[in-house]
Each structure stands twice: as C-alpha cells, then as structure tokens.
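Data block below; observations after.
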Amino acid sequence: MSAYAQLLAELAVPRLVGTPNHTRVRDVLKRELTARGFVVLEHRFPAAPRFPLRGGGRLPAEGINLIAVRPQTRVSTWLAAHYDSKGQPLSMASRLSWVAATALSLAAAAVATFVGQGVWWWIPPLFLTGGFFVLNAVTDRSPGAVDNASGLLAVLATLDALAPDSSVGAIFLDAEELGLVGATALARERANLLKDTAVINFDGLDDRGAVVAFVHKPGSVVGAVAARLGARPRGRLPVLVDGIPLARVARECMTIMKGGWGTMRVVHTPRDTPERMTLEGLREVSGAVAASLGHLGGP
C-alpha cells in the first residue's frame, strides 16, 4: 500500500464537525503539514448547519480552519480543501434529481393555474418541496473518501511535488458540509491572507469521470492550471463549493473536481469508502497542478 493510500485510510472515516473522528483527522493533517516543514495556524469559528440543512446531535460546534505556511515565505498561491464529511438520507445524485423534479412540477403547476386547470396541480410540488427539507438531515454516516479525503490528499501530493521554497501555502477548511461555513468565516475574518493570491480548491477527485475546472474568478494562475488539466473552464455549476466565498477576497480562484454521475451516487452515503478508490484521479490532478505551478515559477 502506498503512503497516500495509507493516509487515505486514516482520513476517510465519518468525521462530521464536532465528532471525535473530526478531531482525529484534524490532528493527522497537522502532523502531515508539520512533517513537510509548515507552520500550522488555527482559525476558529462557530459552526452550525445553514438552511435548508438540519444538524446532527453534536451541532452546533466549533469549527477550526487550518492555515499552513512555510517560515519566511510570502504565499502567492493557496491550495485548499475541506476536511469535514457528512452523510445524508439521499445521495447527491438523488438530491439533484429531486430538485429537478420539484422544479418541473412547479412549472407544470404554474402553467395549469394560468390556463385555469385548478389547484390540484400544486399538490405534487408541495409534497416534493416538503420532502426535500425533511430529507436534508445531516448525519455522520459517510466516510467521505471522494468527498473530500481525496482533496486533502491532492493538496499534500501537490506540495510534495513542488520545490520546498515554492510560494505555496495550504488551507484545510472546516464545516464545508454545513453550508460553506468555514470558508465564509475565513473570507470574512482573514481576508488579508487571500488578498492578491490565487486559490486552487480541491473538492472530490474520483478515479473515473472527467476533470472539471469550476472557475470562480479567472486569472493567469487559474488559466494555466485549467489548461494543464485539459479542462474547459466552467463558470456556473449546480453545486456549492468553498471556492465561491473564497473568490470574494482572492485575486483569482477555482475549484477542481473529477467524477461523474456514478460519483454523485455515492457522495454523502456510506458507500463513499477508500476501498473503491485507486487514487489515479488524485495522481492525475495533483501532477498537473504541480507541473503548472512549478512552470509558473517559485517565490
């Protein structure tokens, strides 16, 4: 088993914010960053689920973002990934399908009302809308291998491939699964860290499926990384990721994902396990990002 596969096994455990596993995974990440010569700082903030999510028994809790820098280095590019996980009664694929069905039924009800077909058409969309909120409970039942132990490993693997004096720092964000809470708090309270920097956020790197470059704010670094990945920059996607709030204060920002419909069928379920991963997607993405950043130059 490779070192990254061993580390995946340590990281890919159910780790909802506030649970003992959540604390243990944070300690593992501190250990790995310190071993690579980084100084690790903590940014603490209150963490509670944002509407329409409904929290588990340990929420609200304290969230802790980890900020890693090398001594006497001015960071020009941040590598970011969230380290918390969550389970939900429905997978991401099922929830997206539910939202699409709700939107279609609302449109049908509106048309029926317009042509005078009566109020009965509103029963299905009301049922679907109510069911969506009922099924948006947060649990601690997903190991979160793809989402997002893979992103954590991508940050570490990219750092390992870069020169020790590169002007790259790392941010491991907390409480993403509660509604981008950690990234929003960091952008609000530590905006100076991200000012005039590029942020490359990793969120879900499966072995199968296409690489997606979700560009929140374009720039030279983001453009070079997307080109090296061979991914067409996408400006709008039906997902919420930490890159969205980080882009408000960074010079440029992107989120890298890899997967397909099969990936979304396991995300947020107990099936998101390390056993289904070979880490080929991780190697592909981290290698391309490191090559791009190395080509752009050091400090």
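The values are calculated or read from the model by the stated rules, or taken from the named source; none is laboratory data. In this text the structure is predicted, and so the values were computed from the model without any measurement. All Cβ positions, glycine included, derive from the backbone under ideal geometry; neighbour counts span all protein chains shown. Remember, those area values only see protein heavy atoms, side chains included, never the ligands or the DNA or RNA. Shrake-Rupley method; radii C 1.70, N 1.55, O 1.52, S 1.80 Å.
Take the conditions of a type in the set (Gly, Ala, Ser), over 27 Å from Thr278 (Cα atoms) and either open to solvent by less than 40 Å² (accessible area, probe 1.4 Å) or in contact with a Cys (Cβ under 8 Å, 6 or more places away or on another chain) (or both) and apply them to Gly55. Does it pass?
Details: of a type in the set (Gly, Ala, Ser): yes; over 27 Å from Thr278 (Cα atoms): yes; either open to solvent by less than 40 Å² (accessible area, probe 1.4 Å) or in contact with a Cys (Cβ under 8 Å, 6 or more places away or on another chain) (or both): no.
Here the answer is no, as Gly55 does not meet what is asked.
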Being closer than 22 Å to Gly182 by Cα and either of a type in the set (Asp, Glu) or in contact (Cβ under 8 Å) with a residue 60 or more places away in the chain (or both) is the filter here, so list the residues in region 251-268 that pass it. Glu252, Ile256, Val267, His268
Could you list, in sequence order, the residues of region 188-199 that are over 15 Å from Pro245 (Cβ atoms) and touching a residue at least 24 places away in the same chain (Cβ under 8 Å)? Asp196, Ala198
Among the helices (runs of 4 or more DSSP H) lying completely within region 193-299, list those that include at least 1 residues that are surrounded by fewer than 21 Cβ atoms within 10 Å (Cβ to Cβ), touching a Phe, Trp or Tyr at 6+ places or on another chain (Cβ under 9 Å) and of a type in the set (Lys, Arg). 280-296
Considering residues of region 247-272 that are among the aliphatic types (A, V, I, L, M) and within 30 Å of Thr197 (Cβ to Cβ) only, the residue modelled with the lowest pLDDT: Val267
Does any residue of region 163-178 turn out to be part of a loop (DSSP other than H, G, I, E, B) and within 15 Å of Leu66 (Cβ to Cβ)? yes
